[in-house]
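What follows is a single structure, written as structure tokens, with notes after it.
The values are calculated or read from the model by the stated rules, or taken from the named source; none is laboratory data. For clarity, every value in this text was computed on a predicted model and none was experimentally measured. All Cβ positions, even for glycine, are placed from backbone atoms using ideal geometry, and neighbour counts span all protein chains on display. Side chains are part of the model used for accessible areas, which takes the heavy atoms of the whole protein and leaves out ligands, DNA and RNA. Shrake-Rupley method; radii C 1.70, N 1.55, O 1.52, S 1.80 Å.
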Amino acid sequence: WHITDTTNSLLTTDTILNIFDRFGILLTQLIPNQSGWDGFYSGRQMPSSEYWFTLEYVDNNTPKRIVGHFSLIR
């Protein structure tokens, strides 16, 4: 995972992407211009499974939040 924004300029230093496992444990927090998430947590490769995320950003001085999920397939 890596945060990119090619269509507009919504991603700022205030943008945060949180990735959680199925138990709600926060695995990582990403910000723009960071290297991204490689699928590891505490030095261990995470299994193929469903993971959830929240993307928090500011649009026209209004805080916004996007919630979703994805499948990590190995």
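On the given criteria, is residue 44 open to solvent by 100 Å² or more (accessible area, probe 1.4 Å), at pLDDT 85 or above and in contact with a strand residue (DSSP E or B) (Cβ under 6 Å, 6 or more places away or on another chain)? It is false that residue 44 is open to solvent by 100 Å² or more (accessible area, probe 1.4 Å), at pLDDT 85 or above and in contact with a strand residue (DSSP E or B) (Cβ under 6 Å, 6 or more places away or on another chain).
Inspect all residues belonging to segment 24-32 and state whether any of them is of a type in the set (Ser, Thr, Tyr) and loosely packed, with under 12 Cβ neighbours inside 10 Å. Within segment 24-32, none of the residues are of a type in the set (Ser, Thr, Tyr) and loosely packed, with under 12 Cβ neighbours inside 10 Å.
Looking only at residues of segment 57-74 that are more than 24 Å from residue 45 (Cα to Cα) and of a type in the set (A, V, I, L, M, F, W, C), we find that the one that is surrounded by the most Cβ atoms within 10 Å (Cβ to Cβ) is 58. Sub-7 Å Cβ pairs linking a first residue in segment 52-74 that is farther than 19 Å from residue 1 by Cβ and at pLDDT 95 or above to a second residue that is open to solvent by 70 Å² or more (accessible area, probe 1.4 Å) and in a strand (DSSP E or B), at least 6 apart or interchain, number zero. Residue check: residue 14 meets all listed conditions (1) among the charged types (D, E, K, R); (2) open to solvent by 70 Å² or more (accessible area, probe 1.4 Å); (3) modelled with pLDDT of 95 or more but one, namely (3).
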